[in-house]
Every structure is written in C-alpha cells, then in structure tokens.
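The values are calculated or read from the model by the stated rules, or taken from the named source; none is laboratory data. Remember, predicted model here, so these are calculated numbers, not experimental data. Cβ: placed from backbone, ideal geometry, glycine included. Neighbour counts: every protein chain shown.
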Amino acid sequence: MQRILITGANGYLASLAQLYNAGRYEFLRVSHSDVDFRDPEGVEAFVRAADFDVCLHMAADATTAHCEQDPEGTRLVNTESAIAIARACHELGRQVVFISTEQCFNASPGAAPFSEEDEQASTTRYGQQKMEADAWIRENVDDYLILRFSWMFGLAMPGVRPSPNILTNVMGALRSGRPTVFRVHERRNMTYAQRFAGQLPAILGLPSGAYHLASQNGRTTYETARLVAERLGCPVAEVDRLILPDESTYAEHPRDFRLASDKIRAAGIELGSFEEDLDLCLRDFGLGA
C-alpha cells in the first residue's frame, strides 16, 4: 500500500481526501502539532526522516487578511516550507504534490479563463507567496504535481469540516434570515470538493506538471449565490431579500481569475460546470428543490 505523507491533515480538503481514500492508501498525517511550518529547516528535517512514497502538501495559511498582516511569518509557511518540502522530496526521489491556488491569477493580464502556461500575477500576499513556491518547484523539481484549485465547496461529513464556501455562505444567509452581500465585480470558478477527493488516485497518476482543478463558471459571485439559493428551493422574493449585490468591491478594477481546466480534463479527470457540480453536491447530501 502506498504511503502518503499528507500535510495540513486536519484541513477540509485533506480530511476529505483521507475519508474518500481510506483503505486505498496509508496516510501519514502531519499537522501543525507535529511540526512548525514557520520553521522551514525543521520542516525539511521532518520530511527527510519520514518513510513515504508521495507527499501531498496541503498545509498553508490561506487566510488573506493574515497574510497581509504578517507577510513575513506567512511567507515562511506558504513559500519557504513548501520549497523545503519540495527540495527534500526531490533529493529523496519522492513525488511531491503541491496545492496552489486561483489567487495566482487574480491580477494576470489577458482574458480569463487562464491556462497553466499563462502569466501569473497577484495583488494579494497569499497569491504571491503561492506563486513563488509554484515557480520554484517547476524550475527545480522533476517529479511533481502542482494543483491550482479554484474556490472549492461542499458540506460537512463525519470528521470533515468544510471551509467557508459559496454553498455554506448562502445556506447561512437562508437559515439565519440575515441579508448577505455577494460580489458583483468578481468572477471565479467554484468546484465541488469531491471532484478532488474522489479522483485522487487518478490525479496522483497524472504526468508531472501543473494542472488547474476547476469546474467552469460564467457567472459573477453574486449571480452564483442567487443560483444556489434558487436550487435550494428559496422563493424568488426571499432570494431578492437575502442575497444582495455588493456593487462596490472591485468596482474600479473588476476581478476575473477563472482557470481553464482543459489540460486536466484531457488527461482524464472529470470536471463539469458549476451548475453540474452544485446539482451533484445537493443530490449527494439530499438537498435541493
């Protein structure tokens, strides 16, 4: 049985990957209680001492505000420790899988959706930190996968607590009756997280390289939120009352950082549209109109 060293093991996507692949792999779980990701030298020594076949590096400080407030500390986590892990894997002859982000393209020139080869540019520290590690791995490592995720969505399962996402945000507004704003001047892909967890064996078998894991979405975030509310059976009048447009954020510089997924789909990984992913998720959890 293949042994996978999985960092950030308690996080949403890492927990989901373990749940869906229990019995297929032996997961060696690593979290911040095992190693300090602000200590790249300690992280590298930890990895070099471990016995594994593949490192699935999912640990990160993805809180945008935290990255802006503490750029030096979060760079140790998101860039330096990622590079340390990739270097150790390269020198040990082990595959490294690095989870990157759509945020690497939130200021890229040209028109979305962006391909794996398009120029990266980011206005956020988090995106910049991921970009730096992403570039280092592509330049220095032979056996690697870089998976650039869109915004992932899903719901809680046993032992799995989802990160805030479009579905949980809309459900929160509907359940609380509290009007919630969603951005009008933002377009991004949103992908059902089970697309990753359920296809992990096929993903690990991809040829070395960078891939975008993103189901396609042509709507703004506000339009997407309205669609979610409607699919959940919310009456139109309630949708109008609870799902409100944020007209100000990014009004001067609208953001469109959607990712093209042609490459990974051509390699056999199944992805769809946001609508398809949403319907699949709602069926899985017995929800919807």
On the basis of being of a type in the set (A, V, I, L, M, F, W, C), touching a helix residue (DSSP H, G or I) at 6+ places or on another chain (Cβ under 8 Å) and crowded, with 21+ Cβ neighbours inside 10 Å, does ALA210 make the cut? no
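Just to be sure, is ALA214 under 27 Å from GLY286 (Cβ atoms) and either more than 22 Å from the chain's Cα centre (by Cα) or modelled with pLDDT under 95 (or both)?
Working: under 27 Å from GLY286 (Cβ atoms): yes; either more than 22 Å from the chain's Cα centre (by Cα) or modelled with pLDDT under 95 (or both): no.
Here the answer is no, as ALA214 does not meet what is asked.
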Just to be sure I understand, how many residues within the stretch 87-138 are of a type in the set (Lys, Arg), touching a strand residue (DSSP E or B) at 6+ places or on another chain (Cβ under 8 Å) and within 23 Å of GLY73 (Cβ to Cβ)? 1
Could you tell me whether the stretch 128-145 includes any residue that is touching a Gly at 6+ places or on another chain (Cβ under 9 Å), buried (at least 19 other Cβ atoms within 10 Å of the Cβ) and closer than 30 Å to GLU230 by Cβ? no
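In the stretch 169-197, how many residues are over 19 Å from ARG241 (Cβ atoms) and outside any strand (DSSP E or B)?
Total satisfying the criteria: 8.
Looking at the structure I just gave you, is SER261 among the hydroxyl-bearing types (Ser, Thr, Tyr), out of contact with any Asp or Glu (no Cβ under 6 Å at 6 or more places or on another chain), crowded, with 18+ Cβ neighbours inside 10 Å and at pLDDT 95 or above? Walk me through how you get there before you give the answer.
Working: among the hydroxyl-bearing types (Ser, Thr, Tyr): yes; out of contact with any Asp or Glu (no Cβ under 6 Å at 6 or more places or on another chain): yes; crowded, with 18+ Cβ neighbours inside 10 Å: yes; at pLDDT 95 or above: yes.
Considered against the rule, which asks whether it is among the hydroxyl-bearing types (Ser, Thr, Tyr), out of contact with any Asp or Glu (no Cβ under 6 Å at 6 or more places or on another chain), crowded, with 18+ Cβ neighbours inside 10 Å and at pLDDT 95 or above, SER261 comes out as yes.
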Just to be sure I understand the filter: pairs with C-beta atoms under 6 Å, separated by 6 or more residues or on different chains, first member in the stretch 47-72 and assigned by TED's automatic domain parsing to the domain that holds ASN10, second member polar (S, T, N, Q) and in a loop (DSSP other than H, G, I, E, B). Which pairs pass? ASP53/GLN2; THR64/THR124
Can you tell me which residues in the stretch 138-181 are in contact with a helix residue (DSSP H, G or I) (Cβ under 9 Å, 6 or more places away or on another chain) and among the basic types (Lys, Arg)? ARG148, ARG161, ARG178
Among the residues of the stretch 35-52, count how many are among the charged types (D, E, K, R) and within 23 Å of the chain's Cα centre (by Cα). 2
